[in-house]
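A.B. asks: Take this structure, written in structure tokens, and hold onto it; I'll ask about it next.
The values are calculated or read from the model by the stated rules, or taken from the named source; none is laboratory data. Remember, it's a predicted structure, so these values are computed and weren't measured experimentally. So basically every Cβ, Gly included, is an ideal-geometry build from the backbone, and we count neighbours across all protein chains shown. With ligands, DNA and RNA removed, areas are computed over all heavy atoms of the protein, side chains included. Shrake-Rupley method; radii C 1.70, N 1.55, O 1.52, S 1.80 Å.
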4 protein chains.
Amino acid sequence: MMRDALTEKEAIAMEKRVRDSFDKQGLMHHLGATITRVVPGIVHIQMPYRPELTQQHGFFHAGSTSAIADSAGGYAGFTLFPEDSSVLTVEFKINLVAPARGDYLEAIGKVVRSGRTLTICQLEVFGVVGAQKTLVAMGQQTLICVPDKPDAPK
Amino acid sequence: MMRDALTEKEAIAMEKRVRDSFDKQGLMHHLGATITRVVPGIVHIQMPYRPELTQQHGFFHAGSTSAIADSAGGYAGFTLFPEDSSVLTVEFKINLVAPARGDYLEAIGKVVRSGRTLTICQLEVFGVVGAQKTLVAMGQQTLICVPDKPDAPK
Amino acid sequence: MMRDALTEKEAIAMEKRVRDSFDKQGLMHHLGATITRVVPGIVHIQMPYRPELTQQHGFFHAGSTSAIADSAGGYAGFTLFPEDSSVLTVEFKINLVAPARGDYLEAIGKVVRSGRTLTICQLEVFGVVGAQKTLVAMGQQTLICVPDKPDAPK
Amino acid sequence: MMRDALTEKEAIAMEKRVRDSFDKQGLMHHLGATITRVVPGIVHIQMPYRPELTQQHGFFHAGSTSAIADSAGGYAGFTLFPEDSSVLTVEFKINLVAPARGDYLEAIGKVVRSGRTLTICQLEVFGVVGAQKTLVAMGQQTLICVPDKPDAPK
């Protein structure tokens, strides 16, 4: 599933590639989401509660929840892609398993199978209040690696 | 699939119920989305292009696309629910079938099967440039009707 | 979505390719399923009721329903693939929307988006009693085209 | 996620309820599948390789793989349901992540969230050759609990 361990230099370059690309996602800024963990095959994203992110009952909207789940999975896959390639979401499926409430949501994307063309990720989103984390959504995502197309061209 | 035809008065009340609830979705405002069609079993939502809605290549982010698809399906189901009930998304699955570009996106939610507890919708999202519409995403969604819980309490 | 219209000769060759491959699917024989329609982008499969296909209440098992849905979609995609390529299912999602009963089930796979690498299909399964068809399942499927690998080697 | 620990007598009754219901699934017999583990919230099903279970390249057909994944998840949910209730699959999504080969397949259904009405399961299927297990499919499933309707009436 994982490629060989990265050298420290490669790990720094990989994390920079992920963060540079994330910074270009206008939606993540607009939702107030930040990337909080980047390791090979795993990415975490946090998004504090704001009324701008809600559905009609005041919980996080499924669209907000899905947006950070999708980005977490996409960048989890991207950590394992060759340099100069790009990541696109083919599809994802998400179950909203509990009301999405909390001081913030934390999405975790984790690569389960990394192929040359397609990568499969598991997606989890937790609602966090203080030290308490509750699973609010879980999903599964298919990514495609687009070779020879840098993800975040300058 | 559809319940008996509504009287004009019922149709007006139903549309008001949908629009009142939609207006309470902070995320839809934040994304600049508006509801453009409400008939029994079908709802359309439009969202003009803005850099705040994008992924790293400048297209609409899958999270933006999914958000309006989810709301369109949810409200399509809601049009067929009894008064004083509420709608929640159980899960959805979405394929991003083409780069989501356009002057605006239009999401169409359509009820395929409406049961007492569960409702299944088909979701489509089009990228619109002038008179040209391109399918950019398609999905399938499961909703649950929560009885005796008005969707948009004052 | 569709490639250019086929010549009569190409259409015959395409249908033969599909049927030869289908005949190699041990599972379809074992379930008593037959392919009843093959046109570019659309394939139908029928499966008569037998107790060997049931779940615990005597309806068709979701696994039986899914199996013919998957094959119908897979071959619908395959009709549009280049010769000497092969088809694999990447993933599918299916909603079981009504009890799967009937004299037979009919699965319809339809290509919605056909790309060079990935193809997206819509899946429908109907329970048929006499002239009455009831939608029992609907789904969405992602296929991958594997080039230079004939699907049904002799 | 789990209800309170079962007494030994309750655990025996629960396992009997699952096995009696499984024995009524004509499809599981027809595919040669057997249930190999039943504990609260988790069920395993095994299915030895036979040409009757294959797709056109001789691997297990996605329909075979999905069938045991669906049953494993359904019965995992069922272990946590009240007596005299019944289980139905609302929907599932499955990724076929590697060629499904092996002496047998083993499907594992695991409850992730168990609610009064809906239950969400994670599905995994492994291809097993000797001591080597390879993940060949992973999925996510939504079940509904139908109260006051015994699952396997005599």
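A.B. asks: Hey, C:E52 hits all of (1) outside any helix (DSSP H, G or I); (2) charged (D, E, K, R); (3) under 30 Å from D:R19 (Cβ atoms) but one; which does it fall short on?
C.D. replies: (1)
A.B. asks: While we're here: Does the range C:55-77 contain at least one residue that is of a type in the set (D, E, K, R) and either free of Cβ contacts under 8 Å to residues at least 40 places away in the same chain or part of a loop (DSSP other than H, G, I, E, B) (or both)?
C.D. replies: no
A.B. asks: Would you check which residues across the range A:15-26 are surrounded by fewer than 16 Cβ atoms within 10 Å (Cβ to Cβ) and either over 24 Å from A:Q122 (Cβ atoms) or touching a Leu at 6+ places or on another chain (Cβ under 6 Å) (or both) and list them?
C.D. replies: Answer for the range A:15-26, where residues must be surrounded by fewer than 16 Cβ atoms within 10 Å (Cβ to Cβ) and either over 24 Å from A:Q122 (Cβ atoms) or touching a Leu at 6+ places or on another chain (Cβ under 6 Å) (or both): A:K16, A:D20, A:D23.
A.B. asks: Run B:L80 past the list (1) closer than 16 Å to B:V43 by Cβ; (2) part of a loop (DSSP other than H, G, I, E, B); (3) within 14 Å of chain A (Cβ to nearest Cβ) and report the number of the one that doesn't hold.
C.D. replies: Unmet for B:L80, out of (1) closer than 16 Å to B:V43 by Cβ; (2) part of a loop (DSSP other than H, G, I, E, B); (3) within 14 Å of chain A (Cβ to nearest Cβ): (3).
A.B. asks: Continuing with the same structure: Just one of (1) open to solvent by less than 30 Å² (accessible area, probe 1.4 Å); (2) within 12 Å of chain D (Cβ to nearest Cβ); (3) more than 30 Å from B:T142 (Cα to Cα) trips up C:H29, so point out which.
C.D. replies: Of the numbered conditions (1) open to solvent by less than 30 Å² (accessible area, probe 1.4 Å); (2) within 12 Å of chain D (Cβ to nearest Cβ); (3) more than 30 Å from B:T142 (Cα to Cα), the odd one out for C:H29 is (1).
A.B. asks: Surrounded by fewer than 20 Cβ atoms within 10 Å (Cβ to Cβ) and in contact with an Asp or Glu (Cβ under 8 Å, 6 or more places away or on another chain): is that true of B:D103 in this structure?
C.D. replies: Answer is no for this residue.
A.B. asks: Okay, next question. Does D:I35 satisfy the condition of being more than 9 Å from chain C (Cβ to nearest Cβ) and either without any contact (Cβ under 8 Å) to a residue 12 or more places away in the chain or crowded, with 23+ Cβ neighbours inside 10 Å (or both)?
C.D. replies: no
A.B. asks: Looking at C:I12 and the list (1) open to solvent by 10 Å² or more (accessible area, probe 1.4 Å); (2) β-branched (V, I, T); (3) more than 24 Å from D:K93 (Cβ to Cβ); (4) at pLDDT 95 or above, which single condition is not satisfied?
C.D. replies: Among (1) open to solvent by 10 Å² or more (accessible area, probe 1.4 Å); (2) β-branched (V, I, T); (3) more than 24 Å from D:K93 (Cβ to Cβ); (4) at pLDDT 95 or above, the lone unmet condition for C:I12 is (4).
A.B. asks: Take the conditions assigned to a strand (DSSP E or B), out of contact with any Cys (no Cβ under 6 Å at 6 or more places or on another chain) and more than 10 Å from chain A (Cβ to nearest Cβ) and apply them to B:A5. Does it pass?
C.D. replies: no
A.B. asks: Among the numbered criteria (1) at pLDDT 95 or above; (2) more than 26 Å from B:A69 (Cα to Cα), which one does A:K154 miss?
C.D. replies: All conditions pass for A:K154, except number (1).
A.B. asks: Also, quick follow-up: Scan the range C:42-84 residue by residue and report those that are of a type in the set (V, I, T) and either open to solvent by less than 10 Å² (accessible area, probe 1.4 Å) or under 27 Å from D:V146 (Cα atoms) (or both).
C.D. replies: C:V43, C:I45, C:T54, C:T65, C:I68, C:T79 - these are the residues of the range C:42-84 that are of a type in the set (V, I, T) and either open to solvent by less than 10 Å² (accessible area, probe 1.4 Å) or under 27 Å from D:V146 (Cα atoms) (or both).
A.B. asks: Right, another one. Only one residue in A:V87, A:V112, A:V125, A:V136 is away from chain B (no Cβ under 11 Å), more than 16 Å from B:F92 (Cα to Cα) and either open to solvent by less than 50 Å² (accessible area, probe 1.4 Å) or not in a helix (DSSP H, G or I) (or both), so which one is that?
C.D. replies: A:V112
A.B. asks: Restrict the check to the range B:97-105 and report whether at least one residue is under 24 Å from A:G58 (Cα atoms) and either in a loop (DSSP other than H, G, I, E, B) or modelled with pLDDT of 95 or more (or both).
C.D. replies: For the range B:97-105, residues under 24 Å from A:G58 (Cα atoms) and either in a loop (DSSP other than H, G, I, E, B) or modelled with pLDDT of 95 or more (or both): absent.
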